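For reference, the structure discussed in these notes is given below.
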Amino acid sequence: MLGRALPTAVCVVVLAAIGAAGAYATTVTGTQNPDFRVRVTVTPAHPTLGQTIVAHFSIWNMTGHNVTGEWQFTWSTPRTGIGASIAGTLAPGRLAGETIRRTITARSATGHYVLYAEASDRHGSSHARAVATFR
């Protein structure tokens, strides 16, 4: 019996650690188009009063050459939103990144805080979306 208890206990601890990490941040990576990698992170995933939501996106040109394309992001909250879109030629390596911060106050609306980013060219698009929920 003791031989089974130890592996089960280790498994429970590992699963609890994985679950705890997921509760604090949401990171999503999109590589649907092999030319681009898009990564978005929103932390914490379930903010409480007084915490600051930090939303960040990064877009990389994954090729070894310049790529002509378009990239965009949107940040939406239950009451507002912002976004931007740019077209041009992208050099290899990291293209763009932005960090947005929103502090949860007593006047903050409950609901979803969503960061979406996308990069596209003639081969298609890579995109990712991450969400924090304030209740």
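The values are calculated or read from the model by the stated rules, or taken from the named source; none is laboratory data. If you're wondering where the values come from, they're calculated on a predicted model, not measured in any experiment. Don't worry about glycine lacking a Cβ; one is built from the backbone with ideal geometry, like all the others, and counts go over all protein chains shown.
Summary table below
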quantity: Within the range 88-124, tally of residues that are within 14 Å of residue 74 (Cβ to Cβ) and hydroxyl-bearing (Ser, Thr, Tyr); calculated: 2
quantity: Odd one out for residue 87 among (1) more than 20 Å from residue 27 (Cβ to Cβ); (2) buried (at least 18 other Cβ atoms within 10 Å of the Cβ); calculated: (2)
quantity: Check on residue 45, surrounded by fewer than 20 Cβ atoms within 10 Å (Cβ to Cβ), under 14 Å from residue 132 (Cα atoms) and modelled with pLDDT of 95 or more; calculated: yes
quantity: Members of the range 30-75 found to be under 13 Å from residue 115 (Cβ atoms) and either among the polar types (S, T, N, Q) or without any contact (Cβ under 8 Å) to a residue 12 or more places away in the chain (or both), listed by number; calculated: 41, 43, 58, 72, 74
quantity: Residue check for residue 53: touching a strand residue (DSSP E or B) at 6+ places or on another chain (Cβ under 8 Å), assigned to a strand (DSSP E or B) and at pLDDT 95 or above; calculated: yes
quantity: Conditions (1) under 16 Å from residue 128 (Cα atoms); (2) buried (at least 19 other Cβ atoms within 10 Å of the Cβ): number failed by residue 69; calculated: (1)
quantity: Number of positions in the range 68-92 that are closer than 20 Å to residue 52 by Cβ and under 18 Å from the mean Cα position of the chain (by Cα); calculated: 8
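So that you can scan it fast, the table gives a plain yes or no per residue for (1) within 13 Å of residue 40 (Cα to Cα); (2) modelled with pLDDT under 95:
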site	(1), (2)
78	no, no
81	no, no
90	no, yes
98	yes, yes
103	no, no
115	yes, no
120	no, no
